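Remarks on the structure that follows.
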Amino acid sequence: MRLSQGSAERETVYGDDPAGMAESFVEAGARWIHLVDLDRAFDQGSNDEVIRRVVERVGPRVRLQLGGGLRTLDRVQAGLDLGVTRLVIGTAAATDPAMLDAAVALLPLDRLAVGLDARDGFVAVRGWTETSSLRATDLARRVVEQGIATLIYTDVTRDGMLRGPDLTGAMALQTTGARVVASGGVADLADLRRIGRAGLAGAIVGRALYEGRIALGEALALVRDEFPAA
């Protein structure tokens with residue numbers, strides 16, 4: 001399942017077997033798979049068992065990145081226990097700097113990223129249901145000073161809309177020295193090419209992949225050629 005612009009009322013279900021979907025990605029050559037626990041993001045439960053099945057099915061062959069509801073250190077530890085490769089902290093990075101410090105102390109930096117989600121330049125939190133008064137660029141500078149090396153940047157208004165990524169916003173975050181992965185709005189291979197040529201570290205693709213607008217094999221070949229920061 002995925003959402004449009006982060007709205008729980010605008011969901012589209014693409015399948016009922018996440019582990020099987022992950023298997024198909026691995027068979028096509030994927031090296032990373034991005035997972036989001038939407039139930040945890042909206043404080044409506046947990047998908048730990050689903051995530052565990054994904055890890056058991058494909059974990060030894062691919063790196064798994066997990067976000068959604070990682071707002072306490074206990075939850076970060078629980079995410080580690082699931083066996084994923086990298087955890088993405090979102091809301092807590094904006095609202096609880098001490099928790100992020102503790103996570104940085106707990107994890108090797110290659111196993112931790114901050115999800116920096118923005119609406120009109122300001123940080124969106126709690127499953128994107130609230131927009132804070134904190135500018136995305138200011139939060140990026142702070143978390144990099146705290147030791148974060150990877151930022152996952154999403155323009156909430158573009159997510160799931162196939163209107164192209166917010167390159168301006170993503171490139172502004174590169175001035176912090178972090179590796180920036182662009183997410184939200186990728187519609188076709190041309191968008192991926194633009195992301196790579198902007199020097200960004202990577203891209204997260206959802207709807208365009210599920211709807212066949214992008215063939216995973218072609219996308220992976222493009223990434224090898226055009227993402228110097230990857």
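Every read-out reported here was derived from the displayed coordinates using simple, explicitly stated rules and does not represent laboratory data. Small disclaimer: the values here were computed from a predicted structure and weren't measured. In this analysis, Cβ positions are derived from the backbone assuming ideal geometry, glycine residues included, and neighbour counts consider all displayed protein chains.
Points worth noting:
- Rounded to the nearest 500, the helix-only mean residue ellipticity at 222 nm of the chain stands at -11000 deg cm²/dmol, with each DSSP H run of n ≥ 4 adding -39,500 (n - 2.57).
- Shape category assigned to the range 43-126 from the gyration tensor of Cα positions, a/c cut at 1.5: prolate
- Shape class of the chain from the Cα gyration tensor (axes a ≥ b ≥ c, square roots of the eigenvalues): rounded, since a/c falls below 1.5.
- Counted charge near Ala118, where neighbours are those whose Cβ lies closer than 13 Å (Asp, Glu -1; Lys, Arg +1): -4
- Highest-fluctuation residue, Leu216, Leu106, Leu66 considered, GNM on the chain with Cα pairs under 10 Å: Leu106
- Springs join every pair of Cα atoms under 10 Å in this Gaussian network model of the chain, and among Thr91, Thr168, Thr150 the largest mean-square fluctuation is at Thr168.
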